Each structure stands twice: as C-alpha cells, then as structure tokens.
Amino acid sequence: MSQRRARLFAAVLLGAFATTLGCMKATATAEGAPLVSGAVAPPKLIVFITVDQLRGDMLDRYRSDLRYGYARLMRGAWFTNAFQDHAITETAPGHASTMSGRFPRSTGIASNTAGVFDPDHPLLNGLPNEPGASPERFTGTTLFDWLFAKDRRARALSVSKKDRAAILPIGKAKQNVYWFSANGSFTTSTYYRDTLPAWVQRFNDRRIAQTYVGAQWRLSRDAATYPEPDSVVFENHGRDFLFPHAFPSDTLRASAYLPLTPTMDSITALFALEGLRQMELGTGPQTDILAVSFSATDYIGHTYGPDSREAHENELRLDETIGWFLDSLYRLRDSSTIAIALTGDHGISPIRELARQRGQATGDQGLLVSVSEQVAAVREKLRAASVDTMAFMIDGPLVAINRDAMSRGGLKPDAVLDDFMRAARQVRGVARVDRFRDLRRADFATDAIARRWSHQIPEGSPVEVAITLTRYSYWYDATATHGSPYDQDASVPVIFYGPWAKPGRYATFARVVDMGPTLAAMASAHPLEKLDGVVLMQAVK
C-alpha cells in the first residue's frame, strides 16, 4: 500500500473514533476501579516490559533454559491464559492497549497503518528517508495520564527499537520517548522536543552499534543442546539461515542489521537504564513509569520463524539481558519501591510451509491468499459508474466504503458489498467474511473471532467488513508473520512482579487491557475514562 493510500485508509479507520468514544461499553470506570489498601504505599516506579512477538507459550517452551530475568519474573503473578483480545494482532494496536486499558476500537490505533507515521513531526537525527512519527492518532488516556492526574510530578521514559513501540504505551503525553534510528542512534521526533537532551547525545556518541561491524552472532552454548535444526531452507527465504550470522562490514548496514540480533535488546536496556539514572526516575514521592519494549524477538521471528534455533537462542539472550537489567535496576533503586509488568504486543504464527509439512495446517490452511481479482472486479464496477475507486478501500482484512459516493453513482452500497463478500468467500484460504454489524451480535463466549473483531473497530466506522483467513494463512509472502485473530497470534503472557503482586501461576482468562487497571490499582490511581479492562484482583496483594 502506498504512503498516500495508507494515510487515506488511516483517516477512514479513525473517522468515527471521536464520536464513538464517549458511548463505548466498559467494564471498569474511573469511579469504580478497586484500589490497593491505603496501608500499602504505592510504588515509586512502574517498569513495564513489552517483548515484541512474545507468544504466550514461549516461556514454557524454553522454561528449562531460562535462569535469569524471565525466570525471576515468572515467579510473580503469571497469567498463562492471556491475550491481546483484538483481531489485528500487530505491533501498533498491541502497544496502544498495554497501558491504556482499552481495545483498539477506542485507542484510535486499529492497525499498523493507523499507527504513528506523521510527516509533520520529523525525527531529530534520523536518516533523510526515515518517516516522522507521533501519537496524534491515539485517542484517550493511559496509565501515565492517570498517575499524572494524581501527582503532577510523575514522569515517564519509554524506549524501544521501534517508534510505535516507544510512543504508544505512553499515549499522547509529551514525555521522554525515544526509539532507534537506522543510523545507529536513539532519536525522537519534534512532537516531543526540538533537540535531544545532553544525556541522549552522550549515549549516541558512544557509537555502540557501530562497534559491531564485522562481528558475528554466535550460539551461546553447544549446538547439540538445541532441539531445533539449523538447516531449515524455509527460513529467511533460503538465505543466511545457518549460525553464525555475520554483521555487515560497513557501519550503516551493520546498524540496520542490528535489530536481527539479540544485541538490539541489550543496547535498548542500556539506554533505558541510562535514562532512568539521568532523569532520576523512581526517586520522588510520586509514581514514575519506565516503559521498555524489546524488539529483537519480532525481527528474528519474522526472519527465521518462531520455531527456529535463532528464536530459541534469542530468548536465551533476552533472558540474560532482562536479568542484568533487573539487577542493575535494583542496584539503582530500592526493589521494594518498584512494580514490574511484562507482556507481549502479539504472538506469531509458524512458517506456512513448516505448518503444512508438520500437519499443523491441513486442507485450506497455511496458504498465501489474495483477493486482488475480487477487488479489481469491484473497482471496475465503480469506474463504469464514474465513481472514484477509492470509494472501495481495502487494507489486508478490512474493507471500508464511501456509501455517499456509491449512491451518487447510482450504485447500491449494500449490493456492492454483498457481491464482493460472496466472491471473497470463494477464495481458497478465506475462512469467513463478515459485516461488523453481524460480528457485534455474535455470541462472544463461543465465537472468539467475532469478539476480537468487535474489539477492533468502533461502531459507526466506514470500515464495514472483516475478512478472516484460515489458520496459518498469510496475506503476503513472509517467512513467518502475525496479525490474525487466532490464538497463536493473540496469545501473550501477562506477568506482574514486585511487592504488590501475589505470586502464582493463574490459568484464568486475562487480557492485556487488564494490565493498566491492575497497575493503577497497585498505584492507587484512578483511570480518567471508561475502560475495557478490569483489575486482575488475583494478582494484587
């Protein structure tokens, strides 16, 4: 999709958000959120860790090998049956839900397309072709806003490799938000500030990324101890799928390659700790936030697949990184004053070819799917009626229409949609094609797909149809990807750790939108609006 078309579709997605936000159904309110007993002092610091593409079963899969950070956090309140309970399981909507307590239908971030791209807010020190970014499309508030309303001394630092992963957990608050440029340095956009702080410039001046020129990503232990084969030709489109993996020999390409290795997360953790120290987060009477999103799992999963030796090795390295990150954090701040949360922004599906080879995908599952012919037929009909073809817009699984434009051309919008839906249902690899009005009337207890779609798009939006592919099928030719409403893409861990969390392994159903309300309860802060999430009281001491 071109940038122009992406901006247009983002505008369509967002068109009805402002008018529908006030009438959203909710399960927790600003007045009704349970609070921790006043006898328990609120945390001085909330550390929110998001691991991009951390599927819910991965911690158990690698559990015998996890000895450091993951192992420590899994001794907290660990919800093993937890989900990003919306349909388009992508990075932007997932991160927007982490601390807002709300589904994409009310955050304004329904997809990566409707994410943070903003040419009006360029980067401060990025490459010339790197897009600007801001949270302008985000709607409503987050945990930070609730803490700030309680005590205006509250501050936040949010860091990640990705712009959307750094920006969206904090919402629209103009706090300290930084992400990693392809030039090997951390940056931000003019939405937040005009110049980088001195401490960020000093960190960038260390040129850590550039020191990896010509280095290699090697296994950290004997190759015979990994159950995953290393020679899987489906990985990385058949290129460079064997250990060790070499960094490019020039600095710019090496910096761009960095996210494909565990080193990216190590540098992100270093930067977060330096920001904590320089900003003196967690030292005042108020509750501050440090949000850290680790991105390497996502880049590696997309490139080599979630069942690869690379994915396994990466989680071992991330376990170590989170371990020394927590050790360093506790040397800088009293552990009794810190509440920690961990989750993922989405899960991941297996490589299609492997899923079919292993029998996970059968029949019409695990296919590469296109409805381009069906879309072309609709647009030809529009041209014949002298209607702008943009009156029918499609972005992956979402279809939006301009009813007025079609009617002016003598077409019946519902008939146009019905014809397209009938044709799309005949495409191999398409599981269902639904109108949102029907999805919202479904039995959510028995139809998780309908429930997740209903959480995605607000009522009144021009987006009227959702296309659901068969399990493990993809819209585009990727090694491995995510984005579907199926459990493998929606499943993530939800963990709380620290003095306010009641340790245990909980099999009860939980959602990522429950994390903001739960942390607010621990911090004795009231949400400022109606929420979709609820307080997970099992986790709260």
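The values are calculated or read from the model by the stated rules, or taken from the named source; none is laboratory data. Here the structure is a predicted model, which is why all the values come from computation and not from measurement. Every residue, glycine among them, receives a Cβ derived from its backbone with ideal geometry; neighbour counts consider all protein chains shown.
Observations on the structure shown:
- Filter result for the condition that a residue is surrounded by fewer than 17 Cβ atoms within 10 Å (Cβ to Cβ), within 21 Å of Asp85 (Cβ to Cβ) and touching a strand residue (DSSP E or B) at 6+ places or on another chain (Cβ under 8 Å), over Arg435, Arg441, Arg425: Arg435
- Total residues in the stretch 351-390, condition in a helix (DSSP H, G or I), among the small types (Gly, Ala, Ser) and over 28 Å from the mean Cα position of the chain (by Cα): 3
- Only one of the listed residues (Leu270, Leu281, Leu326) is under 24 Å from Ala41 (Cα atoms) and assigned to a helix (DSSP H, G or I). That residue is Leu326.
- Contacts under 9 angstrom Cβ, first residue in the stretch 422-443 being under 14 Å from Thr468 (Cβ atoms), partner at pLDDT below 95 and of a type outside the set (D, E, K, R), 6 or more apart: Phe436/Ser461
- The conditions of being charged (D, E, K, R), in contact with a His (Cβ under 9 Å, 6 or more places away or on another chain) and free of Cβ contacts under 8 Å to residues at least 24 places away in the same chain are met by Arg61.
- Residue check, Trp453 assigned by TED's automatic domain parsing to the domain that holds Thr303 and in contact (Cβ under 8 Å) with a residue 12 or more places away in the chain: no
- Residues in the stretch 219-245 that are part of a helix (DSSP H, G or I) and in contact with a helix residue (DSSP H, G or I) (Cβ under 7 Å, 6 or more places away or on another chain): Glu235, Asn236.
- Taking the stretch 418-438 as the range and being assigned to a loop (DSSP other than H, G, I, E, B) and within 13 Å of Ala377 (Cα to Cα) as the test, no residue passes.
- Condition met for Arg505 (at pLDDT 95 or above, surrounded by fewer than 19 Cβ atoms within 10 Å (Cβ to Cβ) and of a type in the set (Lys, Arg)): yes
- Cβ separations smaller than 8 Å between residues 6+ apart or across chains give the following pairs from the stretch 276-289 residues that are within 15 Å of Asn176 (Cα to Cα) to residues that are of a type in the set (Gly, Ala, Ser): Leu276/Gly282; Leu281/Gly275; Asp288/Ala154; Asp288/Ala156; Asp288/Gly282; Ile289/Ala154; Ile289/Ala156; Ile289/Ser158.
- Within the stretch 193-212, being under 16 Å from Met279 (Cα atoms) and either under 26 Å from the mean Cα position of the chain (by Cα) or outside any loop (DSSP other than H, G, I, E, B) (or both) holds for Arg193, Leu196, Ala198, Trp199, Val200, Gln201, Arg202, Phe203.
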